[in-house]
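Asks: Supplied in structure tokens, the structure appears directly below.
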Amino acid sequence: PLRKLAERTKTKVRIGTAVDMSALADDATYRETVAKEFNSVTAENVMKWEVVQPERGVYDFTAADALMKTARANGQEVRGHTLVWHSQLPAWVNEGDFSKEELRSILRDHITTVVKRYKGKIYQWDVANEIFNEDGTWRESVWYKTLGPGYVEDALRWTHAIDPKAKLFLNDYNVEGVNAKSDAYYELIKKLRAKGVPVHGFGAQGHLSLEYDLPHDMTENFLRFDRLGVETAVTEADVRMRVPAETIELNAQSQGYHTMLQACLLTPKCTSFTVWGFTDKYSWIPDWFEGEGAALLLDEQYNPKPAYKAVQQDL
Ligand code: XIL
């Protein structure tokens, strides 16, 4: 199993998966595979704002608690995902039209409440998710528009004040290689660290597609964050393709996983490698990218694909 292999790597990288709570409840094979293969888990959805605080001041931790319980039973660590994001926000936040002061206190209340609940039990928090555009400018989220760029620093400080042991990450997609977007993270993290703001990690989601070439400079990118003194992680790896898949696609996919895991294993402080699901039976790709799928390590019948073998070999 992957988790056994990961424990023996020189960097002791955690091998994780996103967990789909309905699959976990309904499918015994899914449950057994989560337990057997992974030593880290991320909530695919249930720690997001719309689930945790659907109405103002009304928190619902039922599903998130269930994940924590499963993780504990399986001897797994938990990555928290995510505290500040523009997506999967309840309408009351997104369309609330709050003043700066009010929205800031709403954000602070949310972070404080969620982080307190799982204090000491989350090893890495994706504090802020997807804050930059492709060109490295700030994304015009409700947070940015109302609070300005200082919201990220606030979120990091509030999280750290409650749970000083958790490693605090900024996380995004299309930042595997060196480009304008990953440059923006590099500069921001450098600036924040110089100011003493608690930021400890940079996460590349790792949603690759066979329609684009693989990132060729991912190790170089991760190593520059290493030199800044922060951890790195691959947080949501999957490699999608047009379906149905043939041998050439499955082999190319295997190279995609290999590229990402290799960069992580060659980076001393790359501390976790998480896949965004592990069986093609349950994946967000077919719902979000028309005509695409087959993005994960196991097929719909839980048979290992070439990508699974590549991950095994690299570990
Ligand atoms: C996705 C989930 O997998 C889907 O189930 C949900 O409908 C939408 O969000 N980047 C992220 C993840 O940070 O939270 C997203 O997860 C995928 C893209």
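Asks: Being out of contact with any Gly (no Cβ under 8 Å at 6 or more places or on another chain), of a type outside the set (A, V, I, L, M) and assigned to a loop (DSSP other than H, G, I, E, B), is that true of even one residue in region 250-262? If you could, list the steps in order and put the result at the bottom.
Replies: Looking only at region 250-262, we keep the residues that are out of contact with any Gly (no Cβ under 8 Å at 6 or more places or on another chain), and these are 250-259, 261-262.
From the residues that got through so far, the ones that are of a type outside the set (A, V, I, L, M) too are 251, 253-259, 262.
Within this subset, residues satisfying the condition of being assigned to a loop (DSSP other than H, G, I, E, B) are none.
Within region 250-262, not a single residue is out of contact with any Gly (no Cβ under 8 Å at 6 or more places or on another chain), of a type outside the set (A, V, I, L, M) and assigned to a loop (DSSP other than H, G, I, E, B).
Asks: So E55 passes all but one of these: (1) buried (at least 18 other Cβ atoms within 10 Å of the Cβ); (2) in contact with a Pro (Cβ under 8 Å, 6 or more places away or on another chain). Which condition number does it fail?
Replies: (1)
Asks: I'd like to verify a number: residues in region 113-140 that are hydroxyl-bearing (S, T, Y) and either more than 20 Å from the chain's Cα centre (by Cα) or crowded, with 21+ Cβ neighbours inside 10 Å (or both), how many?
Replies: Adding up the residues that qualify gives 2.
Asks: Let me ask something else. Within the set of pairs 6 or more residues apart or between chains, which connect a residue that is within 16 Å of D20 (Cβ to Cβ) and within 15 Å of the ligand (Cβ to nearest atom) inside region 37-54 to a residue that is assigned to a loop (DSSP other than H, G, I, E, B) and of a type in the set (V, I, T) with Cβ atoms less than 8 Å apart?
Replies: Qualifying pairs under 8 Å: none.
Asks: Can you name every residue in region 1-23 that is of a type in the set (A, V, I, L, M) and crowded, with 21+ Cβ neighbours inside 10 Å?
Replies: Passing the criteria: L2, A6, V13, I15, A18, V19.
Asks: Taking only region 55-102 into account, find how many residues are at pLDDT below 95 and either within 14 Å of the ligand (Cβ to nearest atom) or assigned to a loop (DSSP other than H, G, I, E, B) (or both).
Replies: 3
Asks: Going through region 218-239 one residue at a time, which ones are of a type in the set (A, V, I, L, M) and surrounded by 21 or more Cβ atoms within 10 Å (Cβ to Cβ)?
Replies: M218, V230, A233, V234, A237, V239
Asks: Then there is this: Being farther than 14 Å from R242 by Cβ and part of a loop (DSSP other than H, G, I, E, B) is the filter; apply it to region 274-290 and report the residue that is nearest to the ligand (Cβ to nearest atom).
Replies: Result: W284.
Asks: Surrounded by fewer than 18 Cβ atoms within 10 Å (Cβ to Cβ), in contact with a strand residue (DSSP E or B) (Cβ under 9 Å, 6 or more places away or on another chain) and of a type outside the set (F, W, Y): does that describe P215?
Replies: In short, no.
Asks: While we're on this one: Give the number of residues within region 136-148 that are under 17 Å from I111 (Cα atoms) and assigned to a loop (DSSP other than H, G, I, E, B).
Replies: 0
Asks: Can you name the residue in region 293-310 that is among the charged types (D, E, K, R) and surrounded by fewer than 18 Cβ atoms within 10 Å (Cβ to Cβ) and is also nearest to the ligand (Cβ to nearest atom) among such residues?
Replies: E300
Asks: Here is a follow-up. Scan region 240-260 and give yes if some residue there is of a type in the set (S, T, N, Q), crowded, with 24+ Cβ neighbours inside 10 Å, within 16 Å of the ligand (Cβ to nearest atom) and modelled with pLDDT of 95 or more, otherwise no.
Replies: no
Asks: Taking the conditions exactly as written (at pLDDT 95 or above and within 16 Å of the ligand (Cβ to nearest atom)), does I131 satisfy them or not?
Replies: yes
Asks: Oh, and also: Working only within region 2-36, note down all residues that are of a type in the set (S, T, N, Q), within 16 Å of the ligand (Cβ to nearest atom) and over 20 Å from N303 (Cβ atoms).
Replies: S22
The values are calculated or read from the model by the stated rules, or taken from the named source; none is laboratory data. None of these values were measured; they are calculated from a predicted model. Cβ atoms come from the backbone with ideal geometry, glycine included; neighbour counts cover every protein chain shown.
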